[in-house]
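The values are calculated or read from the model by the stated rules, or taken from the named source; none is laboratory data. On a predicted model such as this, the values are computed, not experimentally measured, just so you know. Cβ placement follows ideal geometry from the backbone for every residue including glycine, while neighbour counts extend to all protein chains displayed.
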Amino acid sequence: MKDKLLFSAPMAGISDKPFRLILRKFTSRPLYTEMIGISTLFHNHHVTRKMLHISDEKNIIVQLVGIEEKYMVHATKEALFYGAKGIDINMGCPVKKLITNGSGASLMKDEKEACHLVEVVKKNAGDVPVSVKTRIGWDEDNINVVSFAKALERAGADRVTIHGRTKHAGYSGPVNKDAIKAVKQALSIPVIANGDVVDQKTAEEMLKITQADGIMIGRGLLGKPWIMAEIDGLSVPKFQLSDLILEHLDLMLSYYGMHGLLVARKHLAWYASGFEERALFLNQIYQEKSVDKVQKMIKDFFSQLK
C-alpha cells in the first residue's frame, strides 16, 4: 500500500476525537472527522463546533454536509482555521434527514448543485485539497456515478471517494467494484474505493479489481483500530487489548464527560465481537453506571483473552 492512498472513513457518531486518537496510535495516514453539519456550525451549536477541535491533531480531513452556500463558505473557513488538511463534501449519506433537505446522497440527483458546492469550497479552500465522497447512484436503475464524478472533476474536485453501493442499498448487499473501476478509467484525479474493506486481503482485492488510487476503510475499523497498519503492511505495535480499551474509555470520558460511558458501549460491543461470554459481558456493562466498575469489568474481561 506504500504507493496507494489510505484513509479512515467519516462515520457519524463514531469518527469522533477519541476514536481518531486511538486510530492515530497505529497509523499516520489521513483520518476523517464525522460529517459536520454546516447549518448547525453556522449557528454555533456547541456540539457541532466541538467536532472541529482538531488543532492538536495531525493529518485530519474535515467532512462537511449541507447545501447552503453561505453556510458552506463559513464551514470551509472554520475548518481551515482549525487546521484541516483537506475538505470533503458528503454527497453519499443515505440518512432520511439529509435526503429531505437536498444534501447527502440527494446531490447525486442534482449535478448542477453538486458542482456548485465543489466550486464554492474550492474557491475558499486555498491550497487545501477538496474532495467528495459519494455513491454509485440513487438505485440500481439510476447508476450515474461516472458522469457525476466527471462533472465533479470539471468543477474542481481534487479527489473522489466512491462507496460501491447505491443510496437505496444503504450499507447492505454486494459492493459494485466494476462501477468504481469505471470511474477510475474515466477520471484523471485520484479515485478512492470504499465498501466492505475490512482487512489486508479485502483491500488488495478491492484495489486489484477497481484499479483505484487508494482505499477508504470504515466499519472494518470498529473494534480493530489497528487494521490500517495491517493494510499498510506495517508491524502493529505490541499492546494489551484491555489497556487500549481502557485508554479509549478514558478519552471518551474526557471528551464527553459522564455521557462518555454511554457512548463507549457500542465500542465495547465491537471490541468484544467474536469472544465467548460477549453477551454476558455486554449485559453487565449496559447496566453499570459506575466508571470504576466498568473499568474493572473491562480489565477482567479483556485481560483473559489472548
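Quick grid of which residues meet (1) out of contact with any helix residue (DSSP H, G or I) (no Cβ under 7 Å at 6 or more places or on another chain); (2) not charged (D, E, K, R):
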residue: S15; (1), (2): yes, yes
residue: F26; (1), (2): no, yes
residue: P30; (1), (2): yes, yes
residue: E34; (1), (2): no, no
residue: I38; (1), (2): no, yes
residue: F42; (1), (2): no, yes
residue: T48; (1), (2): no, yes
residue: D56; (1), (2): yes, no
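Residues that are more than 18 Å from the chain's Cα centre (by Cα) and of a type in the set (K, R) within the stretch 126-179 comprise K150, R154, K177, listed in sequence order. Mind checking whether some residue in the stretch 97-111 is in the same structural domain as E34 (by TED's automatic domain parsing), touching a Lys or Arg at 6+ places or on another chain (Cβ under 6 Å) and under 23 Å from I67 (Cα atoms)? Looking for residues that are in the same structural domain as E34 (by TED's automatic domain parsing), touching a Lys or Arg at 6+ places or on another chain (Cβ under 6 Å) and under 23 Å from I67 (Cα atoms), one finds at least one in the stretch 97-111, hence yes.
Would you confirm whether or not the stretch 175-189 contains a residue that is under 19 Å from I14 (Cβ atoms) and touching a residue at least 40 places away in the same chain (Cβ under 8 Å)? Taking every residue of the stretch 175-189 in turn, none turns out to be under 19 Å from I14 (Cβ atoms) and touching a residue at least 40 places away in the same chain (Cβ under 8 Å).
Among the residues of the stretch 83-94, write down those that are surrounded by fewer than 20 Cβ atoms within 10 Å (Cβ to Cβ) and either free of Cβ contacts under 8 Å to residues at least 60 places away in the same chain or not assigned by TED's automatic domain parsing to the domain that holds G195 (or both).
Across the stretch 83-94, the qualifying residues are G83, K85.
Against the condition closer than 24 Å to I61 by Cβ, in a loop (DSSP other than H, G, I, E, B) and in contact with a helix residue (DSSP H, G or I) (Cβ under 7 Å, 6 or more places away or on another chain), how does V198 come out, does it pass? Considered against the rule, which asks whether it is closer than 24 Å to I61 by Cβ, in a loop (DSSP other than H, G, I, E, B) and in contact with a helix residue (DSSP H, G or I) (Cβ under 7 Å, 6 or more places away or on another chain), V198 comes out as yes. So how many residues does the stretch 72-119 have that are part of a helix (DSSP H, G or I) and on the phi < 0 side of the Ramachandran plot? Selection size over the stretch 72-119: 29.
Here is the figure for the stretch 84-101: residues that are over 20 Å from L5 (Cβ atoms) and either in contact with a helix residue (DSSP H, G or I) (Cβ under 9 Å, 6 or more places away or on another chain) or not basic (K, R) (or both) total 8.
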